[in-house]
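Structure, as structure tokens:
The values are calculated or read from the model by the stated rules, or taken from the named source; none is laboratory data. These numbers come from a predicted model, not from an experiment. Note that each Cβ is placed from the backbone with ideal geometry, even for glycine, and that neighbours are counted across all protein chains shown. Heads up: the accessible areas ignore ligands, DNA and RNA and are worked out on the full protein's heavy atoms, side chains in. Shrake-Rupley method; radii C 1.70, N 1.55, O 1.52, S 1.80 Å.
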Amino acid sequence: MYAILIFACRNAWSIISLLLLMTLLAATQLDNVRVEISSSDLLVQDDPERDYFRQISAQFGDEQVMLLYLQGQTLVAPEQLSALAESIQQIETLPFVERTESLFSVPYLKTIDGYLNKDPYFLKDKLPHDLAEAEKILQAAANNAFVKRTLLSEDGKVMAVAIVLDKAYKQANDLQIVEQIDLAVANLQPLYDKVLTVGYQHVRNAVGAKISAEQGSLFPLALLVLLVCLFILLRQLVDVLIPVLTATLSIIWTLGLMGWLNIPLNVVTSVIPILLIIVGSTEDIHLLSEFRRSQLNGMNKMDAVIAMASKMSGIVVLTFVTTFIGFLSVGLSKIEVLWQFGLLSATGLLFNFLITVMLIP
């Protein structure tokens, strides 16, 4: 480690150019970093129950369903049915929607002139002319055990439309799905007391947005805390800014690696940037404090760097190794989200260590 510190000092511009090049390469992958929330990340890897679940899903299907929730004192007034039919038609044209299930698709079995008729309860091109006729049909639907408590509440005040998503369609993300479906049902808002869409996509989209928002608020707060602590300890503007610079570069490298390997941020790995700011600054403080102490003892810059390298190289390596192994041990977990966190945080700390020992001298 002593030799690396001295080499970095004597080849400053080459080291700075190398770090700049690596940072630029990592920055090209930042656009590929995405936030992805999945319950499968919380499952145990190599668990036979996961294989059983996949087998059952393949045999019986594993549909992804969103629900359009409609609540009101009346649900099937002519203007409501007309707008609902239009919204369902728009939803069914979306490329990520396989089909919808509603009173516009569920068969209403009845006999007409001695023949069995299985048209849906409501036909899009032949809607009831008045509320009384529509309410009669709605009451008939409420008597259907396959509709009651599924597409229609017991009190007749809530109606649902099941939106079955196409699993084969991979191009739309959660935000696009939520936005386009909400746009398709916007015309229903004035006609019902409550109109909303619910589904796993909403949950993932909301959690992803929360993670992004927290990164925007917690990241500056972590930087501020670090800056205040460094100023109290070191009292030098350059010494305050250098740990921030090394942490920023290590974050860019780590996120760039995640973008390159197509590893998304999740509820656990999203804390890694803040972790690199706080935990990654320890080596910087050791080196900078020893360098300034040597200068106070009358040494010139080069001698102070040599003294820093000789006295702190072992301490810095030990600090890094213990922290690195500690976070790497989390990667032994069989829970996927913890495994990712352990490996990525350890990798980020390794990047931070390499940047620190090259940049500070």
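Couple of notes before you dig in:
- From the options I306, I277, I315, residue that is in contact (Cβ under 8 Å) with a residue 12 or more places away in the chain and closer than 30 Å to D31 by Cβ: I277
- Matching residues, region 261-280, being crowded, with 17+ Cβ neighbours inside 10 Å and assigned to a loop (DSSP other than H, G, I, E, B): I263, P264, N266, V267, V268
- Evaluation of V198 against the conditions (1) touching a residue at least 40 places away in the same chain (Cβ under 8 Å); (2) out of contact with any strand residue (DSSP E or B) (no Cβ under 8 Å at 6 or more places or on another chain); (3) not charged (D, E, K, R) shows that the sole unmet condition is (2).
- Any hit, region 223-241, residues being farther than 30 Å from I360 by Cα and among the β-branched types (V, I, T): no
- Residue count, region 292-306 (criterion: open to solvent by less than 70 Å² (accessible area, probe 1.4 Å), more than 12 Å from C9 (Cβ to Cβ) and assigned to a helix (DSSP H, G or I)): 3
- Residue in region 336-356 that is more than 27 Å from E214 (Cα to Cα), open to solvent by 10 Å² or more (accessible area, probe 1.4 Å) and at pLDDT below 90 present: no
- Within region 114-142, tally of residues that are in contact with a helix residue (DSSP H, G or I) (Cβ under 8 Å, 6 or more places away or on another chain) and over 16 Å from E79 (Cα atoms): 1
Quick grid of which residues meet (1) open to solvent by 10 Å² or more (accessible area, probe 1.4 Å); (2) of a type outside the set (D, E, K, R); (3) in a loop (DSSP other than H, G, I, E, B):
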{"position": "Q90", "(1), (2), (3)": "yes, yes, no"}
{"position": "L103", "(1), (2), (3)": "no, yes, yes"}
{"position": "E135", "(1), (2), (3)": "yes, no, no"}
{"position": "A145", "(1), (2), (3)": "yes, yes, yes"}
{"position": "G156", "(1), (2), (3)": "yes, yes, yes"}
{"position": "M159", "(1), (2), (3)": "no, yes, no"}
{"position": "I163", "(1), (2), (3)": "no, yes, no"}
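- Extreme residue, most open to solvent (accessible area, probe 1.4 Å), among residues of region 201-243 that are without any contact (Cβ under 8 Å) to a residue 24 or more places away in the chain and not aliphatic (A, V, I, L, M): R235
- Test for T254: is it open to solvent by 10 Å² or more (accessible area, probe 1.4 Å), of a type in the set (S, T, N, Q) and either more than 20 Å from A27 (Cβ to Cβ) or part of a helix (DSSP H, G or I) (or both): no
- Single residue of Q176, Q189 found to be open to solvent by 70 Å² or more (accessible area, probe 1.4 Å), over 25 Å from Q340 (Cα atoms) and within 18 Å of the chain's Cα centre (by Cα): Q176
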